[in-house]
Structures are given as C-alpha cells and as structure tokens.
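Values in this text are rule-based calculations from the coordinates and carry no lab data. Here the structure is a predicted model, which is why all the values come from computation and not from measurement. So basically every Cβ, Gly included, is an ideal-geometry build from the backbone, and we count neighbours across all protein chains shown.
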Amino acid sequence: METIILAGGFGSRLSEYTNVIPKPMVTIGNKPILEYILKHYSSYGHNCFFLALGYKSEYIKEYFLKYNYCNSNLDIDLDSGKVTEKNHNNKSKWKLFLRDTGSATLTGGRLKRLKDEIKGDTFMLTYGDGLCDIDINKLIKFHHENKKICTITAVRPQARFGLIEFEGDRVTGFEEKSQTSSGWINGGYMVMNKKIFDFIENDQTVLEKDTLKKLAASDNLMAFKHEGFWHCMDTKRDRDNLERLHSEGKIFFNTEDQ
C-alpha cells in the first residue's frame, strides 16, 4: 500500500533548525526524523512512499540521492574516478517518489496534487514530523472494517507540565510530565480512500481544518485510538526531548536501529 508523507511545510516553530533545512530533515540521534518514519512503515511491509515536498525540497532530494553511498564502505580510485560500494549497509526496500507540491501549498492541497499518482483505492498518509509506535497493519485492518473514507490515529499528547494532587494546600502526589488522561488529538498516521479527493478543493485547502471537518460532518471519519508512544516535533523543546529519549534507548521501535 502506498504511503504519502507530507514533508513540505515551513516548520516556523522550529526555526532554530528550519531556517537552514526542512523540518523532516531535523536529526534525532544523527538521523533525520523522516528516516525513522520510513523505517517504521517499512517494518510492517510498506515500502512505497510519496514524499510531498515543498520548502527546501532540495535537501531531502540530495539526502536520498546519496543515501546508498552514505550507508556503505567505499573504494575510490581518484585516478580513474571509479567508485565501488563495499559492505553495503542499506537493507531497505524503499521505493521513493519525491514530488514537489509547491512551497506555499497547504496540507490538503499537497495531498490533492498526488491524486493521479496513487494507484490503489486505499492509501496511507502521515506527517514528516511525528513518531509513533502504532501497529500499522492493525490500523489498516480497523479502517477496512469500518468502511469510512478516512481513519485517523487519535493519541493523547504528552502533558507540558507535571500534575500535582492536593488535599487542601498539602501536596499528596506529584507526577512528572506524562500523557494526558483526557483530550484526544489527531496524531497523523491516517488511512484514506481515494474518495477523500472529493473533499479537497485546491492548493489552499487545509486537510485538518477543512477536509477532516467535512468528513466528520458527513459521517465518513473514524478514529483508531492509540494509547502507546507518540511524540511530535513542533518546537526545539520537542526535538530536545526526542533526542533525550533516543539517548536513553526509549525509542525507536520497530526499526533497524532497535
């Protein structure tokens, strides 16, 4: 099944990095977050990806053009110019279709620009800045069982602050930052039927505010509730937290780096 990854936004809230590189190329453990997303889908047997590019797309293109070389030992004959790969370390089966979808195009518009390239009736879509340990195939099964146009993954975000429990003014409990106990949000990792294109008007359509809202109103939207790990990378604080989790060995799940 094909997977679309929205990887073209400006990432303005992460400007410490995105002034130079696109958000999906911001690294965690010396690898772009985009690579971890690809590896997670691949671990469930899904290797066909359309990358909907926009802002600073050349960085993503260059990275994957050089991907095999950068994951291999090389023999280089400077006299003849011959380069031979040795002990090739890249075991991925990815097929990547890198498509420029416009630097100012919004999320729904990026999706619609790929309408004619999606071959199957059902495809997946996610963002290039969120990590999740969701079972991809269970998500797909849930989508097919419910027969709606779109299934989103609902997650509980990490609380920004610790939770204090009181009896009067006396603190009886304190819990450091954890998942919130209520309040589900769209965590990405979506499955869609091609009928969704009927709900996208043009480049300025916002997938979340326009398309998904219309689908919910017409009873065409389901949510797969995921209680496990999920973390976005909207800000430097998010990125630093992901880096800490990586250094502690708490992520990443279902990848070759596990």
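List of remarks:
- Anisotropy class of the chain from Cα gyration tensor, a/c 1.5 cut: oblate
- Those residues of segment 1-36 whose amide nitrogen sits under 19 Å from the label point placed on residue 97, 7 Å along Cα→Cβ: 1-8
- Report summary: the helix-based calculation at 222 nm, which adds -39500 (n - 2.57) for every DSSP H run with n ≥ 4 and divides by the residues of the chain, gives -6500 deg cm²/dmol.
- Range in the chain, longest, excluding exposed trypsin sites (Lys or Arg not before Pro) [loop by DSSP; at most 14 other beta-carbon atoms within 10 Å]: 178-249
- Stretchable slack from residue 241 to residue 225, in nm (0.36 nm times residue separation minus alpha-carbon distance): 3.4 nm
- If R0 equals 35 Å, the separation of the Cβ atoms of residue 62 and residue 116 corresponds to a calculated FRET efficiency of about 0.85.
- Restraint check, 31/213; 95/115; 148/213; 95/236; 39/141, Cα-Cα greater than 23 Å: 31/213; 95/236
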